[in-house]
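The values are calculated or read from the model by the stated rules, or taken from the named source; none is laboratory data. Everything numeric in this text was worked out from a predicted model, so none of it was measured. Backbone-built Cβ (ideal geometry, glycine too); neighbour counts: all protein chains shown. We work out accessible area using only protein heavy atoms, side chains counted, and drop any ligands, DNA or RNA first. Shrake-Rupley method; radii C 1.70, N 1.55, O 1.52, S 1.80 Å.
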Amino acid sequence: MTDLIPVLSDEELREINAEIAHVPVPAAVAIDALKIVQAHRGWVSDESLQAIARHLEMSAEELEGVATFYNLIFRRPVGENVILLCNSISCWIKGCDKLQAKISAQLGIALGETTPDNRYTLLPVTCLGACDKAPVMMVGEELHENISEQGLGDVFGEDGG
Amino acid sequence: MSGALPVLDRPLTRNVRADRSPTDMAAYEANGGYRGLRAALAMSAADCLQVLKDSNLRGRGGAGFPTGMKWSFVPMGDACSPGHKYLICNADEMEPGTFKDRLLMECDPHQLVEGMICAAYTLQADVAYIFIRAEYHKATRLLQEAIDACKAKGYLGDNILGSGYNLEMHVHSSAGRYICGEETALISSLEGKRANPRAKPPFPQVSGLWGRPTIVNNVETLCNVHHIIERGADWFQSLGLTADAGTKLYGVSGRVKNPGCWELPMGTPVREIIEEYAGGMEEGYQLRGFLPGGGSTDFLTVEHLDLAMDYDTIGKAGSRMGTGTMIILDDKTCPVGFVKNLTEFFAQESCGFCTPCRDGLPWSAQVLDDIEHGRGLPEDMDTLQRQVAFIGAIGNTHCALAPGAMEPIQSALKYFREDFERHIDGGSCPYCDGGNS
Ligand SMILES: Cc1cc2nc3c(=O)[nH]c(=O)nc-3n(C[C@H](O)[C@H](O)[C@H](O)COP(=O)(O)O)c2cc1C
Ligand code: SF4
Ligand code: FES
């Protein structure tokens, strides 16, 4: 059974162990470890989750309880770029619902979906702390401010990516 | 902005440049940086605490709890059992409408680090964490660079500047969820668990991270600490216009001409912030109301514009200053849709631990959705009122998320009741063409 569980890469293990070095028990780095693996693989598969749990000396069920609590741990595959569109109050006042409809039409995906070419996944996110620049969204690690419906073409390319 | 604004002492944003480029170690030190650290190390921890207490610094994370008093509950010296003591910076900043801590961390990361070293020294903590929300990639990187630069200079690590004091500092990047900002939930999350809040007592000051004494403070609170230690309690008191001391980062978002965030004297009048700094309303829009400090504060209206933005004044007016970042409700945005958006946020972000919040908030959101879409019934008004009374009562829920969620609803029912009734009587949203609803 254990042979079926793929080992974490050396790089992943090195990064996880560096976190473990300054906490009392390995399980304390559960969230860091999930993020490290996600940074390398894009998301956290069942196999990854089991391998992390074993390494942190905790049950897979317990780690799953942690993983599913946090909205930025992806337990399903996502596209190369995750679009986080703010739908909180200041962005709502400035028209984020219409913007979302426009993005969905342009990329052909609803919230939670990934484009067939795997380039984009569209997700809603809560207030991004840039409310003076509403409406805002993140594409990957980049923040886009004061986005207008016209400006979307520049972000995703006129053909919708 | 009007032309001749007075020149103000702005300790927190003095290194903030117009283009918002970050201040590095060299520029920070050239402008007096790490002088506060040297001043602190030349004093005893007890003397530092006394200055903090005398300064009347109140927590900038939302509740306004006096920082010196909060710190005085941490066991010191022989009264503290052997083991770690922790200082945690709450950089989760997820309260809807709040965008001040991002500015402080992205523009002047060293200021936060220096404030934290001085705070940790005052508490004699040996480990410090910056708990930062996942989406703040730039701030996370800049803070890590600032920490590394401090280690290289001997401002962090063992025997800091020859004082014999040791401190290690780590940045922990979170993985989402608003509830992580609640200080006991934050501690659970830092231990690698689901972010469920913990029962108090025991308070974190006595039993926090890993059961050890722990202080959690907001970014803006900690950014003040070394300034106060270096320049004194009287200086800090003199910055405020009213009884509350210091400066405050005030923000305005919504349909104003110049949304933004400014460091101003504590107690600056609301009108001045909205009209002078935020430039007043956008052409064609009128102000109907505002949430003074984030999504979990009660609406105030036009009649409150001349109030001073400080904890006590806004509290007496029936709201809270909260984070000091106002959200403006204009006359073309539907108040029901506005409150529905906030309630859906709180319902989604409930940690699920207690029933009134987990099941109550989605119910409130559903009632608001019905009203917004013209499916509301007259008795829905009573339902909302009952929910506010039950979910909003402190003690019925395990933490302050659910009572906070009721604040915009209860005040909207008070100030914008006729809007709710127009939805119910007319069977549709009267704002449908305008705004976003
Ligand atoms: C649901 C909830 C979310 C919170 N989010 C934050 C936050 O993002 N940042 C913050 O500093 N305080 C937040 N707080 C307040 C913290 O619990 C805590 O009071 C604060 O960090 C203390 O810092 P201060 O004394 O410096 O204000 C939140 C509270 C609640 C109930
Ligand atoms: S009030 Fe809500 S967020 Fe707070 S503990 Fe209860 S369920 Fe969790
Ligand atoms: S509401 Fe969208 S960034 Fe704050």
task = Answer with yes or no whether B:A393 is more than 14 Å from chain A (Cβ to nearest Cβ), within 23 Å of the chain's Cα centre (by Cα) and either aromatic (F, W, Y) or more than 11 Å from ligand 2 (Cβ to nearest atom) (or both).
result = yes
query = Does B:P213 satisfy being within 12 Å of ligand 1 (Cβ to nearest atom) and not assigned by TED's automatic domain parsing to the domain that holds B:T323?
reply = no
inquiry  = Suppose we keep only residues that are assigned to a helix (DSSP H, G or I) and out of contact with any helix residue (DSSP H, G or I) (no Cβ under 8 Å at 6 or more places or on another chain) within region B:344-364. Which one would you say is least open to solvent (accessible area, probe 1.4 Å)?
reply    = B:T355
message = Criterion first (of a type outside the set (G, A, S), within 11 Å of chain A (Cβ to nearest Cβ) and crowded, with 23+ Cβ neighbours inside 10 Å) does B:E168 satisfy it?
response = no
ask   = Which fully enclosed helices (runs of 4 or more DSSP H) of region B:365-437 have 1 or more residues being within 16 Å of ligand 3 (Cβ to nearest atom) and crowded, with 21+ Cβ neighbours inside 10 Å?
value = B:401-415
request  = Please tell me if A:I109 is of a type in the set (A, V, I, L, M, F, W, C), more than 10 Å from chain B (Cβ to nearest Cβ) and either in a loop (DSSP other than H, G, I, E, B) or surrounded by 19 or more Cβ atoms within 10 Å (Cβ to Cβ) (or both).
outcome  = yes
task = Kindly list, by first and then second residue, each pair from a residue in region B:167-189 that is outside the structural domain of B:S350 (by TED's automatic domain parsing) to a residue that is modelled with pLDDT under 95 and away from ligand 2 (no atom under 12 Å from the Cβ), limited to pairs with Cβ atoms under 7 Å and residues at least 6 apart or on different chains.
result = B:H170/A:H22
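Quick grid of which residues meet (1) buried (at least 16 other Cβ atoms within 10 Å of the Cβ); (2) assigned to a helix (DSSP H, G or I); (3) facing another protein chain (nearest Cβ under 9 Å); (4) within 16 Å of ligand 2 (Cβ to nearest atom):
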site	(1), (2), (3), (4)
A:V37	yes, yes, no, no
A:E47	no, yes, no, no
A:A53	yes, yes, no, no
A:D117	no, no, no, no
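Each row is one residue, and each column tells you yes or no for (1) within 16 Å of ligand 3 (Cβ to nearest atom); (2) part of a helix (DSSP H, G or I); (3) touching a His at 6+ places or on another chain (Cβ under 8 Å); (4) among the acidic types (D, E).
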{"position": "A:V44", "(1), (2), (3), (4)": "no, no, no, no"}
{"position": "A:E62", "(1), (2), (3), (4)": "no, yes, no, yes"}
{"position": "A:V66", "(1), (2), (3), (4)": "no, yes, no, no"}
{"position": "A:Y70", "(1), (2), (3), (4)": "no, no, no, no"}
{"position": "A:G79", "(1), (2), (3), (4)": "no, no, no, no"}
{"position": "A:L84", "(1), (2), (3), (4)": "yes, no, no, no"}
{"position": "A:Q100", "(1), (2), (3), (4)": "yes, yes, no, no"}
ask   = Restricting the search to region B:29-85, which residues are over 17 Å from B:F236 (Cα atoms), open to solvent by 70 Å² or more (accessible area, probe 1.4 Å) and within 15 Å of ligand 1 (Cβ to nearest atom)?
value = B:A63, B:F73
